[in-house]
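One structure below.
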Amino acid sequence: MNTVKPAQGAQGAQARATAQSAAPEMNFASKSVPRHLARGAIGFGLIIGSIALVPVAGPATLLAAPLALIAFRGCPTCWMVGLAQTISRGRLERQCVDGVCTLTKAHPSAKAAEEPTADISVPAASR
């Protein structure tokens, strides 16, 4: 049986571009760089410790190595990607136009406009 697919016009191409840009982003970033570095120290410590303690405590210590995956939120590469994301948070801005994505420096004025400012009124007597 022969079937013929209908030709996709401009609407099909736009739908594909929208579907690609709507793909979920993987976010491995932490709330702060010190917190991310602490997670890395825990993860690498668990891996190194589990391997180093095999001669002393036996192969049961290797059970600590999978706990490092929890600290890393995946593999060590995921941790490195998260470190880059944590450092660049707020400094870089991803813009996608017509299915082409680019990284640009974030504009400080745009960031300042998004942040709420405190309305502080000082009494005239204290001026």
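Can you give the local net charge around residue 81? Use residues other than it whose beta-carbon is closer than 15 angstrom to its beta-carbon, Lys and Arg +1, Asp and Glu -1.
Net charge in that neighbourhood comes out at +3.
Once you put a point 7 Å from the Cα of residue 44 and another 7 Å from the Cα of residue 61, both along the Cβ direction, what distance in nm separates them?
Label-label distance for residue 44 and residue 61, simple model: 1.9 nm.
Can you give me the distance in nm between label points at residue 70 and residue 32, each placed 7 Å from the Cα along the Cα-to-Cβ direction?
2.4 nm
Where a number appears in this text, it was derived from the coordinates with a stated rule and is not lab data. Just so it is clear, the model here is predicted, and its values are computed rather than measured. Virtual Cβ from ideal backbone geometry, glycine too; neighbours counted across all protein chains shown.
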